[in-house]
Structure formats: C-alpha cells, structure tokens
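Undergrad: Dropping a structure here in structure tokens format, bear with me for questions.
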Amino acid sequence: GEVNQMQNINAVATAISMGSSLVGRGLSGVRDKVVHVIKASIAHPGCAILDVMSPCVTFIDQEGSTKS
C-alpha cells in the first residue's frame with residue numbers, strides 16, 4: 001500500500017459546523033454505550049449525526065483491547 005496523502009475528515013466537527021442539533025460518537029466494541037447513543041439519536045426530533053467507530057480487530061489483537 002501507499003501512504004495516504006489526504007487529510008482526515010472529522011465527521012463530528014463537520015456535522016456541528018453544518019448545524020446538526022445532535023452529534024454523537026460511539027465505539028462498536030462498547031455495546032451499552034453505543035446503543036444509548038443510537039436510541040438518543042432516534043428519539044431526537046432534529047437532525048442527528050452519529051459517528052460509530054469500529055476498530056480493526058486484526059491490528060488491535062492484544063490483551064485489554066476492546067474488540068468489536
């Protein structure tokens with residue numbers, strides 16, 4: 001592979017700057033918390049944007065890591 005020369009896109013900052021009234025972020029490996037964020041976004045009457053991160057379990061295969 002090649003090194004990615006493009007800048008990262010911050011989905012949360014972009015959503016806030018565009019006026020979303022609920023912006024959330026969760027980790028797929030922490031089920032209880034991400035379920036709470038999903039339920040809150042469904043119940044929210046305005047525009048809700050969620051960023052659910054799912055780490056690659058191949059590269060996070062170590063003791064103490066949260067696997068998705």
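The values are calculated or read from the model by the stated rules, or taken from the named source; none is laboratory data. Being a predicted model, the structure only gives us computed values, none of them experimental. Every residue, glycine among them, receives a Cβ derived from its backbone with ideal geometry; neighbour counts consider all protein chains shown. With ligands, DNA and RNA removed, areas are computed over all heavy atoms of the protein, side chains included. Shrake-Rupley method; radii C 1.70, N 1.55, O 1.52, S 1.80 Å.
Undergrad: Would you confirm whether or not segment 58-66 contains a residue that is on the phi > 0 side of the Ramachandran plot, modelled with pLDDT under 90 and open to solvent by 50 Å² or more (accessible area, probe 1.4 Å)?
TA: Pass one, segment 58-66, residues on the phi > 0 side of the Ramachandran plot: 64.
Right, trim to modelled with pLDDT under 90 and you get 64.
Now narrow it down to the ones that are open to solvent by 50 Å² or more (accessible area, probe 1.4 Å): 64.
Among the residues of segment 58-66, at least one is on the phi > 0 side of the Ramachandran plot, modelled with pLDDT under 90 and open to solvent by 50 Å² or more (accessible area, probe 1.4 Å), which makes the answer yes.
Undergrad: Considering only residues that are of a type outside the set (A, V, I, L, M, F, W, C) and open to solvent by 50 Å² or more (accessible area, probe 1.4 Å), which ones fall in segment 10-39?
TA: To start, the set of residues in segment 10-39 that are of a type outside the set (A, V, I, L, M, F, W, C) comprises 10, 14, 17, 19-21, 24-26, 28-29, 31-33, 36, 39.
Asn10, Thr14, Ser17, Gly19, Ser21, Arg25, Arg31, Asp32, Lys33, His36, Lys39 - these are the residues of segment 10-39 that are of a type outside the set (A, V, I, L, M, F, W, C) and open to solvent by 50 Å² or more (accessible area, probe 1.4 Å).
Undergrad: Moving on. Restricting to segment 24-49, count the residues that are in contact with a Leu (Cβ under 8 Å, 6 or more places away or on another chain) and of a type in the set (A, V, I, L, M).
TA: Number satisfying all stated conditions: 6.
Undergrad: When segment 13-47 is examined, which residues are found to be in contact with a Gly (Cβ under 8 Å, 6 or more places away or on another chain) and in contact (Cβ under 8 Å) with a residue 12 or more places away in the chain?
TA: Hits for segment 13-47 are Ser20, Ser21, Leu22, Val34, Val37, Ile38, Ala40, Ser41, Cys47.
Undergrad: Does Gly46 fit the bill of being open to solvent by less than 50 Å² (accessible area, probe 1.4 Å) and either modelled with pLDDT under 90 or not aliphatic (A, V, I, L, M) (or both)?
TA: Values: open to solvent by less than 50 Å² (accessible area, probe 1.4 Å): yes; either modelled with pLDDT under 90 or not aliphatic (A, V, I, L, M) (or both): yes.
Spelling it out, Gly46 is indeed open to solvent by less than 50 Å² (accessible area, probe 1.4 Å) and either modelled with pLDDT under 90 or not aliphatic (A, V, I, L, M) (or both).
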